[in-house]
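Bear in mind that the values in this text are calculations on the coordinates, not laboratory data. For clarity, every value in this text was computed on a predicted model and none was experimentally measured. Positions of Cβ are backbone-derived with ideal geometry, glycine not excepted, and every protein chain shown enters the neighbour counts.
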Amino acid sequence: MSNLLIVNSSPRSNSVSRTLTRQFAEDWKSLNPSGRIVERDLSDGTIPYLNEPWIESAYTPEPNRTPAQRNLLALSDTLIDEIMAADVILLGIPMHNFSVPASFKAWIDQIARAGKTFSYTSEGPKGLVPSDKKVVAILSRGGAYAPEDAPGAVDFQVSYLRQVLGLVGLTDITFVHADRQGMGGQAAQLATEKAIQQLSSVVGNFTTKFSA
């Protein structure tokens with residue numbers, strides 16, 4: 001049985017990114033009827049920002065942690081378990097001020113844990129999450145953005161996601177862009193339709209593996 005983890009970070013209930021994650025989930029479920037879907041909505045404010053007690057708990061060796069420290073890390077452990085159990089991780093991420101929403105960054109801070117999802121080595125950090133997991137990152141943005149390596153580029157989503165997801169071992173990432181949403185009308189509609197077509201192709205490719 002295959003598992004799909006959906007992580008939505010838009011604060012809007014009917015946002016473009018949520019519309020697209022729903023479309024992907026429906027297509028995926030129709031092709032994986034016995035598959036399991038877990039949804040994590042980051043807009044409800046339940047993912048806390050890191051603080052000093054949390055950091056102290058995370059860097060305390062597990063056998064030495066107090067019950068209070070284990071409690072502080074319980075949500076982080078749950079979020080990491082969700083990632084470890086997933087075959088496909090679907091991220092719905094609107095652009096907020098050229099980058100990711102604060103709620104998504106809070107989620108990242110909870111799952112990027114030294115000794116848990118990555119380790120420090122003499123050659124630098126090494127991801128501990130199995131690299132065969134597939135990530136689909138749906139990025140909805142108001143304008144049209146040049147590639148992140150273009151001169152004067154202001155898209156800090158793609159480069160950040162490649163770096164931080166790669167830190168924990170998630171390197172197989174497919175980006176689906178729904179740009180021009182702030183332009184409205186036909187421009188926004190065409191961009192959304194293009195994203196839906198891309199998602200249909202992506203979910204079909206994944207199904208070949210998981211249905212075997």
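Assorted remarks:
- Across segment 189-206, computed HN-Hα scalar couplings (Karplus, 6.51 cos²θ - 1.76 cosθ + 1.60, θ = phi - 60°) run 5, 5, 5, 5, 5, 5, 5, 4, 4, 5, 5, 4, 5, 5, 5, x, 5, 5 Hz from first to last residue, x flagging Gly and Pro.
- Neighbourhood charge, 10 Å Cβ-Cβ cut-off, centred on Leu139 and excluding it, Lys, Arg +1 and Asp, Glu -1: -1
- Charge dipole (segment 1-89, unit charges on Cβ, about Cα centre) - positive-most of Ile6, Leu75, Trp54: Ile6
- Overall form of the chain per C-alpha gyration tensor (a/c, 1.5; a/b vs b/c): prolate
- All other residues whose Cβ lies under 12 angstrom from that of Ser76 are scored, Lys and Arg at +1 and Asp and Glu at -1, for a net of -1.
- Eligible lysines near Lys126 by straight Cα distance, threshold 19 Å, same-chain separation 8 or greater: Lys116, Lys134
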